[in-house]
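In what follows, a single structure is set out as structure tokens and then discussed.
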Amino acid sequence: MTHAAFPELRLRRTRRTAWSRAMVRENHLTPANLIWPLFVCAGEGADEPIASLPGVSRWSVDLIVERAKEAIDAGIPCLALFPYTQADRRSDDGAEALNPDNLMCRAVRAIKAAHGDAIGVLTDVALDPYTSHGQDGLIDASGHVLNDETVDVLVGQALNQARAGADIIAPSDMMDGRIGAIRAALEGDGFGHVQIMSYAAKYASAFYGPFRDAVGSRGLLKGDKKSYQMDPANAEEALREVAQDLAEGADSVMVKPGLPYLDVVARVKAAFEVPVFAYQVSGEYAMIEAAAAAGAGDRDALVLETLLAFRRAGASGILTYHALHAARLLNG
Ligand code: PBG
């Protein structure tokens, strides 16, 4: 006797065995979907743990090259680099961003020299790791972040990174017009092949705290970033941001943070049908680590479930501090 009014609608049938679940699975997560953010610091053999990002360190360039090898071996296609700039190299105008020998450029050159095209290198364009005030751009006397003056510096920063060998320029600053300006400068300087992944919909979020510790900007930051990063209440505006950045020449776009903004990932993917990436940011990583440490869930399962959720929402890939761990889990 059956208890179902419509036995032909037993959705549990396909879930009964592992082979059947595999056969009907709609979305997949592989190491190729992961981008690994790394923090570069000065020195040699330097490994500086970041207390608010347990398990993540800043590494000096020589150790970053080793991390790149681990990523290649695990099937991760791309690294994202961020610098921890020494205090005496931070300034009001963030000029260290333009130094061809800054930490970012040295790391890019070293990774490319050691590994060539075995792995891609994505570099962050924004001034916050270099400014003495922790804002992503130049500020006026009142502390307001200036748009067009900042874009001029970001163009120089992007060219500096491209000359060092960056494969993907990733502006995370949220100034208006920077994608078009950077695209034009890259074309004009012989870097037409260099991609731009725009942080197109980046929100003024409370989830960035550990990152600001990692790049050393948390204690420096005065005020907030709400005059340029998006209001968490808005989703339509994210579509306008994405449309604008694509029109200006972005090859792919990013939504950031990740899990709290999966609706935005899905809407952007549906509206534009372009490669969309999501950044599972530092505060999200820290939450998963804290939940696992508190016994609230299994760490590996939490990591894989959250990353798969981004794929279901339509993301081509995810920037995540769990990238190496997740890739190794996926490789078995
Ligand atoms: C700033 C930048 C931030 C992150 C990436 N680039 C922080 C911010 O906007 O203050 C955050 C990434 C993370 O939290 O993991 N250009």
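Would you please name the residue that is most open to solvent (accessible area, probe 1.4 Å), looking only at residues in segment 187-237 that are within 12 Å of the ligand (Cβ to nearest atom), of a type outside the set (D, E, K, R) and part of a helix (DSSP H, G or I)?
The selected residue is Ala206.
From Ala292, Ala323, grab the single residue that is over 28 Å from Glu187 (Cα atoms), open to solvent by 20 Å² or more (accessible area, probe 1.4 Å) and small (Gly, Ala, Ser).
So the residue among Ala292, Ala323 that is over 28 Å from Glu187 (Cα atoms), open to solvent by 20 Å² or more (accessible area, probe 1.4 Å) and small (Gly, Ala, Ser) is Ala292.
Return a yes/no flag: does segment 161-178 have any residue that is away from the ligand (no atom under 16 Å from the Cβ) and without any contact (Cβ under 8 Å) to a residue 24 or more places away in the chain.
No - not one qualifying residue is present in segment 161-178.
Could you list all residues from segment 6-57 that are within 15 Å of Phe82 (Cα to Cα) and open to solvent by less than 30 Å² (accessible area, probe 1.4 Å)?
If the condition is that a residue be within 15 Å of Phe82 (Cα to Cα) and open to solvent by less than 30 Å² (accessible area, probe 1.4 Å), then Ile35, Trp36, Pro37, Leu38, Phe39, Val40, Cys41, Ile50, Leu53, Val56, Ser57 are the ones that fit.
From the list Ala271, Ala278, Ala290, exactly one residue is under 30 Å from His193 (Cα atoms) and in a helix (DSSP H, G or I). Which is it?
Working: Ala278 fails: in a helix (DSSP H, G or I); Ala290 fails: under 30 Å from His193 (Cα atoms).
Checking each option against the conditions leaves just Ala271.
Given the criterion over 19 Å from the mean Cα position of the chain (by Cα), more than 13 Å from the ligand (Cβ to nearest atom) and either at pLDDT below 95 or under 21 Å from Arg89 (Cα atoms) (or both), identify the matching residue among Asn147, Asn102.
Only one candidate qualifies: Asn102.
Please enumerate the residues belonging to segment 208-263 that are polar (S, T, N, Q) and modelled with pLDDT under 95.
Result: Ser217, single match.
Among Thr85, Thr123, Thr131, which is of a type in the set (Ser, Thr, Tyr) and within 11 Å of the ligand (Cβ to nearest atom)?
Thr131
The values are calculated or read from the model by the stated rules, or taken from the named source; none is laboratory data. All values derive from a computational prediction rather than experimental measurement. In this analysis, Cβ positions are derived from the backbone assuming ideal geometry, glycine residues included, and neighbour counts consider all displayed protein chains. Accessible surface areas use protein heavy atoms only, side chains included; no ligands, DNA or RNA. Shrake-Rupley method; radii C 1.70, N 1.55, O 1.52, S 1.80 Å.
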